[in-house]
Amino acid sequence: MALSFSLFTIQSCDNDNKVKDDEKTLSTNDVPPPVQTAFSAKYSTATDVKWKDAHENNVQTYKAKFTLNGKKMKAEFDTNGGLVKEEEDS
């Protein structure tokens, strides 16, 4: 039984990595204008901005990883520029 649980745990971890691998790196030109506008309005002093094509609850989103006031951050927006979530990036 312990072996079965270990195999299940290993497979679960592998699946977590695949989700992140599915995120495609985007250039700023590939990010919709409403998303760029919302990001710039909220994080006007952000630096080192990198965009990824992401999904939240099977909905297309755009994830930005950036530095703000010396902290690594990430924020995710829907296609209309609505903020889905933000958090410190560890």
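The values are calculated or read from the model by the stated rules, or taken from the named source; none is laboratory data. A quick note: this is a predicted structure, and the numbers were derived from the prediction, not measured. Note that we place each Cβ from the backbone using ideal geometry, even for glycine, and neighbour counts take in every protein chain shown. Areas reflect the complete protein model, heavy atoms only, side chains present, ligands, DNA and RNA absent. Shrake-Rupley method; radii C 1.70, N 1.55, O 1.52, S 1.80 Å.
Pairing residues of region 65-90 that are touching a residue at least 24 places away in the same chain (Cβ under 8 Å) and polar (S, T, N, Q) with residues that are open to solvent by less than 60 Å² (accessible area, probe 1.4 Å) and in a strand (DSSP E or B), at Cβ distances under 6 Å and at least 6 apart in sequence or on separate chains, gives THR79/GLN60.
Put simply, of LEU3, LEU68 the only residue that is more than 15 Å from the chain's Cα centre (by Cα), at pLDDT 95 or above and not β-branched (Val, Ile, Thr) is LEU68. Scanning region 40-65 for residues that are within 11 Å of the chain's Cα centre (by Cα) and more than 22 Å from ASN29 (Cβ to Cβ) returns a single hit, GLU56. When only residues in region 76-90 that are assigned to a loop (DSSP other than H, G, I, E, B) and open to solvent by 50 Å² or more (accessible area, probe 1.4 Å) count, which is nearest to LYS24 (Cα to Cα)? Residue satisfying both the conditions and the ranking: THR79. Selection within region 49-75: residues that are touching a strand residue (DSSP E or B) at 6+ places or on another chain (Cβ under 7 Å) and over 16 Å from GLU86 (Cβ atoms). The member of this set that is surrounded by the fewest Cβ atoms within 10 Å (Cβ to Cβ) is VAL59.
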